[in-house]
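Below: the structure, in structure tokens.
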Amino acid sequence: MCGIVGYTGENQAAPILLDGLKRLEYRGYDSAGLAVRDGDALAEVVKATGKLYHLADKTDQGRSLPGNCGIGHTRWATHGDPSLINAHPHVSGSCSGSGSGKVESDVVGVHNGIIENYGELKEKLLRHGYRFYSDTDTEVVVKLVDYYYKKYKIGPVDAITRTMVRVRGSYALALMFKDHPGEIFAARKDSPLIIGAAENAAFLASDVPAILKYTRSVYYIGNLQVARLSPGSVKFYDLNGDEITLPLTEITWDAEAAEKGGYEHFMLKEIHEQPAAVRDTLVSLVKDGTVDLTETGLTDGDLKRFAQIDIAACGSAWHVGMAAQYVLEDLAGIPVRVELSSEFRYRTLPLGKDTLVIVISQSGETADSLAALRVAKERGAETLGIVNVIGSSIAREADHVLYTMAGPEIAVATTKAYSAQLAAVYALAIRTALARGTVSQERHDALVSELMTLPEKIRRVLEEKERLQWFSTKISNAKDIFFIGRGLDYAISLEGSLKMKEISYIHSEAYAAGELKHGTISLIENNTLVVGMLTQAGLYEKTLSNMMECKSRGAFLMGLTANGNFSVEDSVNFTVYVPKTDEHFMISVAIVPLQLLAYYTSVNRGLDVDKPRNLAKSVTVE
Ligand code: M6R
């Protein structure tokens, strides 16, 4: 989704803005733009479609845009084509066909999010004489700010708060006003935005990595709050325009965590960071051999009291939910429903105080998951966010938060955050089971000690990567790939299939192995790859039979199973073995070869592994 950056200080703004936008590239975009002003002079806007280097080339790496104050934007099209005229920044007046040039207007701004009532606001502004040059909702917001600014002759903060009261939807906005040189004004509702403080400078960005090179002191601006940035000063205001104080947070993770560190792609680096992500998450949740959820605020009494758990999430986080369902039901004997966040609100699920709704999200900003969390709260359920990004919207709004410790994840295809989420739900399931008396202390201890072996077992799988790299060359031209399994093996299939299709663009489906013959098996042709998950002893024979049904219709088979199940080689064409662990946790080791297979297939096909087409890292629109 769109990325925004802003800088005001003593240095040249444009190179800092370009650098910040580069670090937000992972969010996905199709055009980019800058607005920079030099002291009292008019701001100048430059835009470019396509990759960021076009904008860098157009501005001579920022050198041809002098000035110490500016805003920048990468746009992921929602309203209007990815074109120069629709690219941000947008201005309150008119603009040339290319959208670039000196800004005569009073207000210029960038925006991430969606303004739902932009049509009605546009009508109002048209009646007041405003003319529009783009198809974007952002131009409407910028012009609305301008309208209030002039009509009531009020300052920027009040013009922005009036606008916030009128717009529906989500936004992270950064605006510059002609009459306020050296200042940037920002506002936020439901879209990510952080403000950086430094001596003689101030920054804003959609995400911390964009500014980490310059400062570690960050404010997490809240919903419906406004910020006013000038060199060395940041002030915050509420919706009434009253000044408020926000706490300053020091970012403790290293800037290197957001760099490639010698790996060809972020995805490969993040795959290799999984042992650490899982270990750090477990260490934060296990104290003296016992799962300890004190920091989440969930007590054993709560875990005993809940009659039902509902899980809402999107994409890979939803796949973690699917795994959690099996593990929680099996260990803790509690009914669990898993719902896609985007569907959660359309069901009239009976929720109440005795329901725990868990929302799982790496970014903590996924719009559908945030909406599901709010619906759950409105309906009286208690909520737990399992979130990776500290200070994100879901973390702030959930009743309880369990932070995964994956560190910043840059590749669009999640790997280490997914693994950290799995570790978190295992710990939650074990503590819930202990609290509810469905496992003894002895079994709890055994499960925890097995859990702590996962980082090392994942590391051992990574040592096998050359075999996966070799096999990926055999499948790089595949038309379709099917991932099948039963029970927890079905949950692995879902994630394996998503990883493959999202970065290799090979059509792929995950199917519950037993369901295949009710329709999907008609798609199996000569040499169609069917990847069968065989990590659950009780389901092994049945899934293998389903794989054989495919083989007899021409399929080429890959089997993925625990070390020791060597008989599988009699039936399949290619076998991958992973270390044995408790069957509840097998996904954690079994997913790694599937991530590597997807990664190498994408590399073989010459694709943009870290930034696959049409996708964004943080999906902040519904
Ligand atoms: O930030 P979230 O965990 O809420 O994101 C959810 C999905 O958008 C995300 O998992 C997506 O499916 C990834 N592209 C999967 O690799």
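Each residue of the range 603-620 was assigned a 3J(HN,Hα) from its phi angle through the Karplus curve 6.51 cos²θ - 1.76 cosθ + 1.60 (θ = phi - 60°); the sequence is 4, 4, 8, x, 9, 7, 4, 6, 10, x, 4, 6, 9, 10, 5, 10, 8, 9 Hz, with glycine and proline shown as x. If you find the alpha carbon centre of the range 1-19 and of the range 394-437, how far apart are they in angstrom? With the range 1-19 and the range 394-437 each reduced to a Cα centre, they are spaced 33 Å.
For the range 413-494, state which trypsin sites (Lys or Arg not before Pro) are in a DSSP loop and have at most 14 other beta carbons lying within 10 Å of their beta carbon. All intermediate terms of the calculation are to be shown ahead of the outcome.
Details: sites: Lys416, Arg431, Arg436, Arg443, Lys457, Arg459, Arg460, Lys465, Arg467, Lys474, Lys479, Arg486; in loops: Lys479, Arg486.
Within the range 413-494, the qualifying trypsin sites (Lys or Arg not before Pro) (loop, at most 14 other Cβ atoms within 10 Å) are Lys479.
May I ask you to give the solvent-accessible area per residue for the range 551-603, in square angstrom, as obtained with a 1.4 angstrom probe? List each step's numbers first, then the result.
Working: 1520 Å² over 53 residues.
So the range 551-603 comes to 29 Å² accessible per residue, rounded to a whole number.
If the Kirkwood radius is taken over C-alpha pairs of the chain, then at 4 °C and 1.567 mPa s the Stokes-Einstein diffusion coefficient equals 51 µm²/s. Only the Cβ atoms of Lys and Arg (+1) and of Asp and Glu (-1) were treated as charged; on that basis the dipole of the range 258-452 about its Cα centre amounts to roughly 360 debye.
Please identify the chymotrypsin sites (Phe, Trp or Tyr not before Pro) of the range 313-397 that satisfy two criteria: DSSP loop assignment and at most 14 other Cβ atoms within 10 Å. Which are they? Display every interim value, and only then the final one.
Details: sites: Trp318, Tyr326, Phe344, Tyr346; in loops: Tyr346.
Listed in order of number, the matching sites are Tyr346.
A dipole drawn for the chain from +1 and -1 charges on Cβ atoms has a positive end, and of Gly261, Gly93, Ser476 the residue lying farthest that way is Gly93. Across the range 68-76, coupling constants 3J(HN,Hα) worked out from phi with the 6.51/-1.76/1.60 Karplus curve, θ = phi - 60°, read 9, 9, x, 10, x, 7, 10, 10, 10 Hz, and Gly and Pro carry x.
With viscosity set to 1.567 mPa s and temperature to 4 °C, compute the Stokes-Einstein D of the range 346-480, Rh being the Kirkwood radius across alpha carbon pairs; µm²/s, no decimals. Write out the running numbers ahead of the final one.
Details: Rh = 17.5 Å.
The estimated diffusion coefficient comes to 74 µm²/s.
Under the simplified labelling scheme, the Arg63-Ala41 pair shows an inter-label distance of 1.6 nm, with each label point 7 Å from Cα along Cα→Cβ.
Roughly how many debye, to the nearest 20, is the charge dipole of the range 158-286 about its Cα centre, given +1 on each Lys and Arg Cβ, -1 on each Asp and Glu Cβ, and no other charges?
Working: 13 positive and 17 negative charges, 91 e Å.
With only Lys, Arg, Asp and Glu charged at Cβ, the dipole is about 440 debye.
In percent, rounded to a whole number, the relative contact order of the range 3-251 is 20, using alpha-carbon pairs under 8 Å and six or more apart.
Order Val165, Val609 by their accessible area, 1.4 angstrom probe, all chains in place, largest first.
Details: Val165 100, Val609 0 Å².
My answer, sorted largest first, is Val165, Val609.
Diffusion coefficient (Stokes-Einstein, Kirkwood radius over C-alpha pairs, 20 °C, 1.002 mPa s) for the range 258-452: 129 µm²/s, rounded to a whole number. Which residues does a label at Thr453 reach in the range 289-318, if reach means a backbone N under 19 Å from a point 7 Å past the Cα toward the Cβ? Only 289-291 pass the distance filter.
To put it simply, the accessible area of the chain at a 1.4 Å probe is 49 percent carbon and sulfur. From the alpha carbon centroid of the range 41-108 to that of the range 486-542 is 46 Å. Normalised by 2.2 N^0.38 Å, with N the number of residues, the alpha-carbon radius of gyration of the range 446-553 equals 1.16. Between the C-alpha center of the range 145-183 and that of the range 262-311 there is a gap of 41 Å.
Is there a quick way to get the dipole size of the range 462-610? I mean about its Cα centre, with the Cβ of Lys and Arg at +1 and of Asp and Glu at -1; what is the value in debye to the nearest 20?
Numbers: 13 positive and 18 negative charges, 63 e Å.
It comes to approximately 300 debye.
Please arrange Met586, Met322 by accessible surface area, largest first, computed with a 1.4 Å probe and ligands excluded.
The most accessible residue leads, giving Met322, Met586.
Structural descriptor for the chain: relative contact order 12 percent, calculated from alpha carbon pairs under 8 angstrom and at least 6 residues apart. Sorted largest first, the spans of the alpha carbon positions of the range 3-251 along the three principal axes are 45, 41, 33 Å. For the range 583-622, the residues whose amide N sits under 18 Å from a probe point set 7 Å from the Cα of Glu264 along the beta carbon direction are 593-613.
Put one equal scatterer on each alpha carbon of the range 565-617, apply the Debye formula with no solvent term, and list log10 I(q)/I(0) at q = 0.15, 0.18 1/Å to two decimals. The calculated log intensity ratios at q = 0.15, 0.18 Å⁻¹ are -0.63, -0.78. Counting only protein chain heavy atoms and rolling a 1.4 Å probe, the accessible areas of Glu378, Glu44, Glu116 rank, largest first, as Glu378, Glu116, Glu44. Rolling a 1.4 Å probe over the heavy atoms of the protein chains gives the range 258-452 an accessible area of 33 Å² per residue.
By a 1.4 Å probe calculation restricted to protein chains, Trp470 has an accessible surface near 140 Å², given to the nearest 10.
Length gained on full extension, Arg166 to Lys213, computed as 0.36 nm times the residue gap minus the Cα-Cα distance: 13.3 nm. Estimated from helices alone, the mean residue ellipticity of the chain at 222 nm is -10500 deg cm²/dmol (sum of -39500 (n - 2.57) over DSSP H runs with n ≥ 4, per residue). For the range 402-476, the set of GluC sites (Glu not before Pro) satisfying both a DSSP loop assignment and a count of at most 14 other C-beta atoms within 10 Å is given as Glu463.
Toward the positive end of the charge dipole of the range 258-452, with +1 on the Cβ of Lys and Arg and -1 on the Cβ of Asp and Glu, the farthest Cα among Ala406, Tyr346, Ala313 is that of Tyr346. Heavy-atom accessible surface of the range 3-251, averaged per residue, reaches 35 Å², computed with a 1.4 Å probe.
Compute the signed sum of charges (Lys and Arg +1, Asp and Glu -1) over the other residues within less than 9 Å, Cβ to Cβ, of Trp76. With Lys, Arg at +1 and Asp, Glu at -1, the net is +1. Remark: the range 444-455, residue by residue, has Karplus-estimated 3J(HN,Hα) of 3, 4, 5, 5, 5, 5, 5, 4, 6, 8, 4, x Hz, where x stands for each Gly or Pro and the curve is 6.51 cos²θ - 1.76 cosθ + 1.60 at θ = phi - 60°.
The values are calculated or read from the model by the stated rules, or taken from the named source; none is laboratory data. Bear in mind the structure is a predicted one, so any value in this text is a computation, not a measurement. Heads up, the Cβs are rebuilt from the backbone with ideal geometry, glycines too, and the neighbour counts pull from every protein chain shown. We work out accessible area using only protein heavy atoms, side chains counted, and drop any ligands, DNA or RNA first. Shrake-Rupley method; radii C 1.70, N 1.55, O 1.52, S 1.80 Å.
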